[in-house]
1. Order 125-138, 61-74 from most to least packed using the mean count of other Cβ atoms within 10 Å.
2. Compute the angle between helix 16-46 and the longest alpha-carbon principal axis of the chain, please, reported from 0 to 90 degrees and rounded to the nearest 10.
3. Given H placed 1.01 Å from N in the peptide plane, which residues other than close sequence neighbours of residue 93 have an amide H under 5 Å from its amide H?
4. List the trypsin sites (Lys or Arg not before Pro) within the range 79-143 that fall in a DSSP loop (any state other than H, G, I, E or B) and whose Cβ has at most 13 other Cβ atoms within 10 Å.
5. Rounded to two decimals, what ratio of Rg to Rh does the chain give with C-alpha atoms and a Kirkwood Rh?
6. Please report, in debye to the nearest 20, how large the charge dipole of the chain is about its Cα centre when each Lys and Arg carries +1 at its beta carbon and each Asp and Glu carries -1 there.
7. In the chain, with Lys and Arg counted as +1 and Asp and Glu as -1 at Cβ, which of these residues, 72, 99, 111, has the Cα nearest the positive end of the dipole, that is, farthest along it?
8. On a 0 to 90 degree scale, rounded to 10, what angle separates helix 54-67 from the longest Cα axis of the chain?
Amino acid sequence: MKNLNVVHNVQKGFTLIELMIVVAIIGILAALAIPAYQDYTIKAKVGEAPSLSGAAKTAVDIYFSENGTLVGASGTDSLGISQPQSYSAKYVSSVTVGARGVITIQLNTLPELGDASADDITLTPTSNGAALEWTVGGSIDAKYRPKT
């Protein structure tokens, strides 16, 4: 009988095709995750708007509770609030109160705001009898709008 030496080749590491599949999967996940992350960061920056509008919103609520109507709830004099430009920050340029208590929040023109740059957010009050309900609108894309 002959003595046969059988050599077994044991694979060490990954093959090229396995590495290419992993890189492709990572690429696909990155292509989906990066836009979602950018939208999330823009929405977080736009989130500065409702916090700056808090004083104006409270003033409109108080005006309504004292007068029972939104007629005359506009501007700085009737509501006792500061000038629109005093409500500004990094991402918000002004907060104004228009006719019937409609609050308009103007966003700054900044590249980090992406599609929301220079847009506005409106908070519109409507009476449900004893209190006000607020509706969010404006020129800002719906995916960036804050919830009241």
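1. 61-74, 125-138
2. 10 degrees
3. 106, 107, 108
4. Qualifying residues, ordered by number: 90.
5. 1.49
6. The calculated dipole for the chain is roughly 720 debye.
7. Result: 111.
8. Here the helix axis deviates by roughly 40 degrees.
We did not get these values from a lab; they are worked out from the coordinates using the rules stated. Here the structure is a predicted model, which means the values were calculated and not measured. Quick reminder, even Gly has a Cβ in these numbers, built from the backbone with ideal geometry, and neighbours come from all protein chains shown.
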